[in-house]
Amino acid sequence: MPVNAERYSANYQGPVVVFVIGMRINHFLKFGKWVPVARSMRPMIEELAADPGSGFLGAETLRQGLRTVLLIQYWRDFESLESYARDRDQKHWPAWTAFNKAIGSDGTVGIFHETYSVPAGGFETIYGNMPDWGLGKVAGLVPATGSRNEARDRMRASAGN
């Protein structure tokens, strides 16, 4: 990915929900347990990305060591995230059901998520000499100059001021 020289900020105003979700392989040699969990996320992200009305804005995938994979997802609002998670006609519900049936609490695969509902004006972003990443990749980038030069100013800009 090309690096954007200089400093940029995400071109996003208003509230945003940041959803951090992931899995940890607790028993690496039990491939039959963790591989299906690992493979289940991509189809969900593709399904969400194909539906602009879903409220899903985009995601980044990260790895921590050999055992943990996580996604940082950006959502328009919590209601959209919750609606997707509970919709039995979408890919999440059967994946969740399969996880509970195959793994449950046997300890082979750990899963986690954290949800942050961030109000307008409650966040700021800065990307210096970076490829498109995070909320900036999702929403587009604007130069972090003038009214976006300092963190306090970027906080105001995220509120639409």
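The values are calculated or read from the model by the stated rules, or taken from the named source; none is laboratory data. Since this is a predicted model, take the numbers as computed values, not measurements. FYI the Cβ positions are ideal-geometry reconstructions off the backbone, even for glycines, and counts take in every protein chain you see. Protein only, heavy atoms only, side chains kept; ligands, DNA and RNA dropped before computing areas. Shrake-Rupley method; radii C 1.70, N 1.55, O 1.52, S 1.80 Å.
Worth pointing out:
- Accessible surface area normalised per residue over the chain is 60 Å², counting heavy atoms of protein chains with a 1.4 Å rolling probe.
- Share of carbon and sulfur in the accessible heavy-atom surface of segment 85-148 [1.4 Å probe, %]: 54 percent
- Between helix 92-102 and the chain: long-axis angle, C-alpha atoms, 0 to 90°, nearest 10: 40 degrees
- Extending 7 Å from Cα along the Cβ direction at Asn149 and again at Glu46 yields two label points whose distance is 4.7 nm.
- Each residue of segment 80-90 was assigned a 3J(HN,Hα) from its phi angle through the Karplus curve 6.51 cos²θ - 1.76 cosθ + 1.60 (θ = phi - 60°); the sequence is 5, 4, 5, 4, 5, 4, 9, 6, 5, 9, 9 Hz, with glycine and proline shown as x.
- Per residue, the average separation of C-alpha pairs within less than 8 Å and at least 6 apart gives the chain a relative contact order of 43 percent.
- Summed over qualifying helices (DSSP H, 4 residues or more, each -39500 (n - 2.57)) and divided by its residue number, the chain shows a 222 nm mean residue ellipticity of -10000 deg cm²/dmol.
- Charge-dipole axis of segment 16-145 as Lys and Arg at +1 and Asp and Glu at -1 on Cβ define it, positive-most pick from Thr145, Val69, Ala85: Val69
- If R0 equals 35 Å, the separation of the Cβ atoms of Ser117 and Ala38 corresponds to a calculated FRET efficiency of about 0.80.
- In the chain, taking the dipole from charged Cβ atoms about the Cα centre, the farthest positive-side position among Ala50, Pro2, Gly121 is held by Pro2.
- Straightening the chain between Trp96 and Thr61 buys 10.7 nm, computed as 0.36 nm per residue apart minus the Cα-Cα spacing.
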